[in-house]
Amino acid sequence: MLLLLAAAPIEGAILQGRAVDPSGQPVPHAQISLVTPLKSAEHQQTDPEGRFAFAGLTPGTYTLFAKGPGLASEPVQIDVRAGSPRTVELHLKLSALEEHVVVSAQMGAALATETGAPVTVLTRQEMEAQGQQLVLDALRQVPGVAVSQTGRYGGVTGVFIRGGNSNYNLVMVNGIQLNQFGGDFDFAPLTVDGIERVEVIRSPESALYGSNAVAGVINIVTPRGEGPPRFSLSEELGSFNTWRIATGASGRSHGLSWSAGVNRLDSGGVVTNDDYRDQTAMLDLSFPPRGRSQADLHFYGNANDAGAPGPYGSDPDHLFTGLDTVSRDKQNLFGYGGSFTRQLSSRFQQVVTATLATNDYYFRSPFGDSFSNNLRSVANTRSEVLISNSDFLVAGFEYNREQIRNAFITDASNKPFTLPRTSLAYFAENRWNPSPRLFLTTGLRADNIRTAALPPRGGGGPSEPLPSSSILKINPRLAAAYLLRQQAGGSLGATRLHSSFGTGIRAPDGFELAFTDNPHLKPEKSVSWDAGLEQRFLGDRALVDATYFYDRFEDQIVTLGGSLTHLSSFISDNLGNSRARGVEVSARLQPARSLSVSGAYTLLDTAILSLNGASLVPPPFRIGQELLRRPHDSASYSVTWRRGRWLLETDAYVRGSVLDLEPNYGTFACSLGLPCLFSNPGYLRENAGFSYRFLRGLEVYGRFNNLFNRRYEEALGFPALRFNFFAGMRFHFPPE
């Protein structure tokens with residue numbers, strides 16, 4: 001069958017057209033998105049006359065849509081044939097619905113409204129309008145997501161999706177997996193410079209990615225070069241001796257699509273040993289950008305150096321002994337990725353990808369220096385078959401190798417050793433839309449996770465070797481979206497129903513393996529489902545989405561002792577359970593082309609459940625207690641006003657109180673006879689910003705954070721920045 005498909009000739013076709021606003025005037029610099037029959041995507045910007053053209057296309061049925069500031073068109077399906085060009089006119093209207101092409105919710109590109117999974121896309125335009133410097137700041141606007149930053153620039157930052165642990169999120173840049181061995185990831189060094197969009201999937205995705213996608217996926221996508229060369233430069237200065245500079249360039253020439261960026265962020269900090277330096281570089285190449293064969297290369301590199309003064313804020317147990325003037329954290333994070341796509345016919349293509357990521361830390365402290373070196377390599381090959389215009393099948397094989405070498409993971413002679421793990425996986429996914437309004441996605445992945453034998457361990461670890469182990473984990477996935485008919489007349493618009501179900505896994509981290517004698521330690525897992533309704537109003541100028549979700553976390557790894565020793569013959573075992581449930585509500589309003597309003601609210605209920613085989617949980621926790629650093633209530637809003645060359649913006653984030661740990665010693669404080677769990681009060685943070693565009697691509701902008709100088713701690717003991725501001729200039733050539 002493959003030979004017959006490969007023999008089918010492919011002749012290039014042309015799709016061209018124009019984007020116009022409600023008055024019939026051309027829309028310059030609108031983004032035109034084209035989703036191809038084999039589920040890849042291309043993007044262009046219209047010229048000053050609103051024109052666009054895609055050449056060299058494979059004949060077939062494409063999905064086409066456009067969007068610009070305050071305007072959007074409905075996705076339309078276009079049949080493209082070889083020979084004469086196909087010409088279309090896209091009509092943009094005021095709309096709160098912004099359609100996005102996402103690449104992390106399914107295998108290949110898909111429209112966000114067709115995935116069924118809960119997806120939020122943060123665009124470069126939105127992050128620039130809000131004056132965001134760091135990805136973690138943008139994530140606070142996403143419903144169901146909680147961010148916990150230890151105070152300031154460079155402070156260790158965890159992200160909690162729908163109540164899951166901070167090591168339950170798969171983090172990628174252009175598909176390159178960056179997590180440490182066992183899932184941990186610190187979001188502090190990720191800046192928004194050079195980013196096209198951030199895709200946040202709030203559901204388990206181990207059916208797609210295997211380990212670490214327990215609660216969700218965060219994929220950072222950099223821009224792809226299109227059209228003639230473009231260059232950008234920005235520089236800003238701000239409070240606490242903060243300085244930031246970023247450069248970028250992109251374009252397409254002689255069949256090569258390219259995009260590159262370099263940026264740096266420096267801050268003097270608030271107290272002694274609180275300074276920070278962050279440097280990032282990115283490069284993306286694609287050759288040729290269209291055709292039967294295509295090669296893509298990606299590089300991401302980050303080097304950062306942060307002082308660590310320790311907790312100097314709230315000290316409920318009065319254990320503060322002064323600022324740490326010695327400790328520092330240094331990190332080198334590098335990711336390399338490549339893919340090759342060969343289209344054998346108009347209905348079949350083969351894709352091969354390979355990625356490599358290193359995530360290395362060096363820690364200096366008064367008690368001695370330490371390190372942690374992580375490496376992850378992934379190779380994937382998959383076949384993509386367009387069975388029909390409404391049925392798309394993907395199946396393939398993946399090899400995933402990860403390893404850790406840590407100063408505290410040592411053998412019996414107290415020498416660090418490398419701890420490796422390999423996963424071999426088979427996967428398949430089918431996307432079927434039996435009608436123009438119904439979209440169904442099913443997927444299944446089987447992972448064979450193999451951990452090598454470990455020698456007798458030092459540093460208080462077991463003195464006996466740990467034999468090699470192999471475990472098979474199967475993760476299913478199901479998602480559905482249904483678009484009800486739009487009601488003719490009246491103010492009530494289209495209704496979209498969406499739901500998803502899936503499971504996720506997280507294999508044990510290096511310390512959980514190094515300090516156990518359990519040869520049968522399994523991955524932690526989640527079982528999750530959600531259902532929601534999206535409703536448009538006022539001719540699509542208003543949109544509201546409400547989603548209910550339920551997540552059950554099982555097989556959580558627990559260290560046993562005291563009254564819990566009888567539950568297992570091993571030091572640690574998969575006995576822990578917890579759950580999270582809640583409601584996410586998001587809304588967008590576009591009353592005029594110049595005014596955009598958005599908001600989100602999350603109601604989250606979490607609880608610790610009893611251990612398997614017992615009515616107890618490890619102290620100092622208790623059954624039914626809320627999970628750490630997960631707020632019961634959180635909300636955000638953003639208002640953006642554009643008029644001529646001016647842009648004004650204001651936004652805010654509010655978080656309720658959370659259960660938190662004693663900031664100096666954590667749960668160890670309880671063993672000293674001191675309290676270790678405390679309520680960390682909620683907070684409200686308001687921000688505002690502006691920008692003004694001059695002629696010839698020059699723009700000045702400013703941002704005021706924590707506008708009313710509120711005192712709060714996102715993580716107990718680590719004061720957040722008080723009122724601060726920055727101002728800068730941004731230059732684009734040619735002007736946008």
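The values are calculated or read from the model by the stated rules, or taken from the named source; none is laboratory data. Keep in mind that what you see is a predicted model, and the values were worked out from it rather than measured. Don't worry about glycine lacking a Cβ; one is built from the backbone with ideal geometry, like all the others, and counts go over all protein chains shown.
Report those strands (runs of 3 or more DSSP E) wholly inside the range 113-225 carrying at least 1 residues which are acidic (Asp, Glu). Steps first, please.
Details: elements: 119-123, 145-149, 157-161, 169-173, 197-201, 216-221.
Fully inside the range 113-225 and qualifying: 197-201.
Rundown of residues vs (1) in contact with a strand residue (DSSP E or B) (Cβ under 8 Å, 6 or more places away or on another chain); (2) on the phi > 0 side of the Ramachandran plot; (3) not basic (Lys, Arg), yes/no style:
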position	(1), (2), (3)
Gly656	yes, no, yes
Asn664	no, no, yes
Gly673	no, yes, yes
Leu677	yes, no, yes
Gly682	yes, no, yes
Gly697	yes, yes, yes
Asn709	no, yes, yes
Scan the range 544-569 for residues that are buried (at least 19 other Cβ atoms within 10 Å of the Cβ), modelled with pLDDT of 95 or more and of a type in the set (A, V, I, L, M) and jot them down. Ile557, Val558
In the list Asp573, Asp530, Asp540, which residue meets the criterion of being among the acidic types (Asp, Glu) and within 23 Å of the chain's Cα centre (by Cα)? Asp530
Quick check on this structure: which one of Thr650, Thr640 is of a type outside the set (A, V, I, L, M), in contact with a helix residue (DSSP H, G or I) (Cβ under 6 Å, 6 or more places away or on another chain) and under 17 Å from Met127 (Cα atoms)? Thr640
So Arg431 clears everything in (1) under 30 Å from Thr63 (Cβ atoms); (2) buried (at least 17 other Cβ atoms within 10 Å of the Cβ); (3) in contact with a helix residue (DSSP H, G or I) (Cβ under 7 Å, 6 or more places away or on another chain) except one condition, right? Which one? (3)
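Output the residue which, of all residues in the range 712-736 that are in a loop (DSSP other than H, G, I, E, B), within 29 Å of the chain's Cα centre (by Cα) and of a type outside the set (Asp, Glu), is farthest from Arg629 (Cα to Cα).
Phe723
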Pick from the range 265-311, criterion surrounded by fewer than 19 Cβ atoms within 10 Å (Cβ to Cβ), polar (S, T, N, Q) and within 24 Å of Gly238 (Cβ to Cβ), ranking: nearest to the chain's Cα centre (by Cα): Gln279
Of the conditions (1) surrounded by fewer than 16 Cβ atoms within 10 Å (Cβ to Cβ); (2) farther than 27 Å from Arg477 by Cβ, the single one that Tyr362 does not satisfy is (1)
For a quick check of your reading of the model, give me the residue pairs whose first member lies in the range 635-659 and is in contact (Cβ under 8 Å) with a residue 40 or more places away in the chain, whose second is of a type in the set (Phe, Trp, Tyr), with beta-carbon atoms closer than 7 Å and at least 6 apart or on different chains. Ser636/Tyr653; Arg645/Tyr692; Trp646/Tyr692; Leu647/Phe690; Leu648/Trp641; Leu648/Phe690; Asp651/Tyr637; Arg655/Tyr683
Filter the range 149-178 for residues that are farther than 24 Å from Asp660 by Cα and in contact (Cβ under 8 Å) with a residue 60 or more places away in the chain; which is nearest to the chain's Cα centre (by Cα)? Met172
Any hit, the range 188-202, residues being under 14 Å from the mean Cα position of the chain (by Cα) and acidic (Asp, Glu): yes
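Looking at Glu736, Glu699, which is the one that is loosely packed, with under 15 Cβ neighbours inside 10 Å, over 26 Å from Gly599 (Cα atoms), in contact (Cβ under 8 Å) with a residue 12 or more places away in the chain and acidic (Asp, Glu)? Break it down into steps so the answer makes sense when it comes.
Working: Glu699 fails: loosely packed, with under 15 Cβ neighbours inside 10 Å.
It is Glu736.
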Return a yes/no flag: does the range 645-657 have any residue that is surrounded by 19 or more Cβ atoms within 10 Å (Cβ to Cβ), within 23 Å of Ile608 (Cβ to Cβ) and not polar (S, T, N, Q). yes
